Structure formats: structure tokens, C-alpha cells
Amino acid sequence: LRISDAVGTQTVSLSGTGVAPAASVTPASLTFADQLVGTPSASQAVTLSNTGTAPLAFTDVTFGGATPAAFSRTHNCPAVLDAPTVVGGISSCTIEVTFAPGSVGAKSATLRISDAVGTQTVSLSGTGY
């Protein structure tokens, strides 16, 4: 930073570190075993993590794709995931996905996790019998 006045120019060095949330979802896809129509499968877990240096605001979990009604979810995600550097903070949460096909055949959907960074996605598939 340079500051000029009647006496001359003064220079001040500035430095800093930016902070930002960063979202990570694992795994990238879930494949369910063949499932009897009308009965729910055992759930499979998806983990949403804040790998950044600032809190991550979490907004919603929805389904899209070809047959989203064949899947359901529960989660323990708070409104804000702390940065992993926060002692005692919660920097990750679990989304449990269940498959319950309403008809015979292959089913697929996309789990959409919306947060301050954007939308993270997980591909879902299974077959009803």
C-alpha cells in the first residue's frame, strides 16, 4: 500500500489469508442391491464435509433424475458446518439414503445437496423386483 502526501510517499506491506468454505461429498455414487417392490432397503450413508477454512452454510437435500420417488433420505446436518479447524465443531454430517422401488425395473436418481458453495451430487441406482 502506498500513501502519498506533501512529505513524500510511505509504503506499507500488507498480507493476509483468505477464508472460504469448501464442500466435499463421499461417495460419488450409491448402488443398491435388488430390492422387493414396496419394501425399503437398508440405508447407505453419504458424508458431506466442510474441508475449507470458513463455516459452510447447509440449505437442503433433494432428489432429481429419472425416478426420484424410489429414494428417500434422512440426515443429521446442522444449518452450518464448521471449518475443520474449529475445536469441538461439527465439520461433517451424514445423509442416509434408502431405496424403496414402487415398481419392477431399474431406478436411478440424483441426490442433490445444496450449500453455500453450490450443489454437490451423488448418483443413485437400484433395481426393483
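The values are calculated or read from the model by the stated rules, or taken from the named source; none is laboratory data. Note that this is a predicted model, so its numbers are computed, not measured. We place every Cβ from the backbone using ideal geometry, glycine too, and count neighbours over all the protein chains shown. Keep in mind that these areas ignore ligands, DNA and RNA; they rest on the heavy atoms of the full protein, side chains included. Shrake-Rupley method; radii C 1.70, N 1.55, O 1.52, S 1.80 Å.
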Matching residues, region 108-121, being buried (at least 21 other Cβ atoms within 10 Å of the Cβ), under 9 Å from the mean Cα position of the chain (by Cα) and under 15 Å from Glu96 (Cα atoms): Ile113
Every residue from region 20-73 that is among the hydroxyl-bearing types (Ser, Thr, Tyr), open to solvent by 70 Å² or more (accessible area, probe 1.4 Å) and at pLDDT 95 or above: Thr26, Thr31
Tally of residues being at negative phi, open to solvent by 40 Å² or more (accessible area, probe 1.4 Å) and in contact with an Asp or Glu (Cβ under 9 Å, 6 or more places away or on another chain) across region 75-92: 3
Leu14 being buried (at least 17 other Cβ atoms within 10 Å of the Cβ) and either modelled with pLDDT under 90 or within 22 Å of Leu111 (Cα to Cα) (or both): no
